[in-house]
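Below are the structure tokens for one structure; questions will follow.
The values are calculated or read from the model by the stated rules, or taken from the named source; none is laboratory data. No experiment lies behind these values; they were computed from the predicted model shown. Cβ placement follows ideal geometry from the backbone for every residue including glycine, while neighbour counts extend to all protein chains displayed.
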Amino acid sequence: MPAKTVTGGCFCGAVQFEMDLPTLFCVHCHCSMCRRPHGASFVTWCGVPPEQMRITAGEHDLVNFKSSKLGSRNFCRHCGSQMFCQTHAEYIDIALASLHDKIDREPEAHYYYDSRADWTQVNDDLPKFGDDGSEAA
């Protein structure tokens with residue numbers, strides 16, 4: 001059976017992509033480096049190996065921003081949509097909100113929970129991991 005492919009894109013539609021399932025994970029990230037560029041209290045990411053993701057339109061409209069020593073983020077030069085983050089060679093993070101279709105899993109945990117915005121209320125039963133990777137209080 002062939003892998004299911006889901007599509008996604010930026011807000012204005014200039015950048016389009018597709019990714020093959022299965023995903024490796026789906027998590028909420030509360031770190032400031034995710035919150036600030038997205039303008040949100042947290043960002044939900046799913047991850048796939050790079051070979052499972054392809055830009056299908058607007059590659060020249062995709063801007064790569066080196067956001068840290070380890071990582072880079074990609075956004076549309078027209079509308080500013082943040083779609084991808086890569087901090088490891090083994091996978092690329094894809095913003096769940098940029099996908100047009102459902103993926104193969106629901107969010108599984110909260111990461112960098114100790115860095116969450118103090119105005120964010122989280123009332124689910126998902127595991128919450130702190131800045132050091134251990135379970136947060």
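Among (1) modelled with pLDDT of 95 or more; (2) under 10 Å from the mean Cα position of the chain (by Cα); (3) more than 16 Å from R36 (Cα to Cα), there is one condition Q86 misses while meeting the rest; what is its number?
Q86 satisfies all of (1) modelled with pLDDT of 95 or more; (2) under 10 Å from the mean Cα position of the chain (by Cα); (3) more than 16 Å from R36 (Cα to Cα) except (1).
Right, here's the next one. Residues of segment 89-109 being hydrophobic (A, V, I, L, M, F, W, C) and at pLDDT below 95, which ones? First the steps, then the outcome.
Kept after step one, since they are hydrophobic (A, V, I, L, M, F, W, C), are these residues of segment 89-109: 89, 92, 94-97, 99, 103, 109.
Across segment 89-109, the qualifying residue is only A89.
Turning to a different aspect of this structure: Take the residues of segment 20-59 that are charged (D, E, K, R) and in contact with a Ser or Thr (Cβ under 8 Å, 6 or more places away or on another chain): which is nearest to F129 (Cα to Cα)?
Residue satisfying both the conditions and the ranking: R35.
How about segment 32-63: which of its residues are part of a strand (DSSP E or B), small (G, A, S) and over 13 Å from the mean Cα position of the chain (by Cα)?
A57
Looking at segment 96-118, can you tell me whether even one residue there is in contact (Cβ under 8 Å) with a residue 40 or more places away in the chain, out of contact with any strand residue (DSSP E or B) (no Cβ under 9 Å at 6 or more places or on another chain) and either under 20 Å from L24 (Cα atoms) or assigned to a loop (DSSP other than H, G, I, E, B) (or both)?
yes
Could you please let me know if R73 is touching a strand residue (DSSP E or B) at 6+ places or on another chain (Cβ under 9 Å) and either in a helix (DSSP H, G or I) or of a type in the set (S, T, Y) (or both)?
Judged against the criteria, R73 is not a match.
Related question: Looking at (1) under 14 Å from the mean Cα position of the chain (by Cα); (2) under 28 Å from S115 (Cβ atoms); (3) modelled with pLDDT of 95 or more, find the lone condition where S72 falls short.
For S72, the exception is condition (3).
Right, next: What is the residue count in segment 62-98 for residues that are buried (at least 17 other Cβ atoms within 10 Å of the Cβ) and under 12 Å from V15 (Cα atoms)?
So the answer is 9.
In segment 78-135, what residues are aromatic (F, W, Y) and more than 18 Å from E51 (Cα to Cα)?
Within segment 78-135, Y111, Y112, Y113, W119, F129 meet the criteria.
Hey, could you check segment 9-31 for residues that are assigned to a loop (DSSP other than H, G, I, E, B) and closer than 20 Å to H78 by Cα and say which is nearest to the chain's Cα centre (by Cα)?
Among them, the one singled out is C10.
Restricting attention to segment 77-88, does a residue exist that is within 20 Å of D20 (Cα to Cα), basic (K, R) and assigned to a loop (DSSP other than H, G, I, E, B)?
No; the residues of segment 77-88 include none that is within 20 Å of D20 (Cα to Cα), basic (K, R) and assigned to a loop (DSSP other than H, G, I, E, B).
Evaluate the following for A14: is it touching a strand residue (DSSP E or B) at 6+ places or on another chain (Cβ under 8 Å), touching a residue at least 40 places away in the same chain (Cβ under 8 Å), of a type in the set (A, V, I, L, M, F, W, C) and surrounded by fewer than 17 Cβ atoms within 10 Å (Cβ to Cβ)?
Taking the combined requirement at face value, the residue does not satisfy it.
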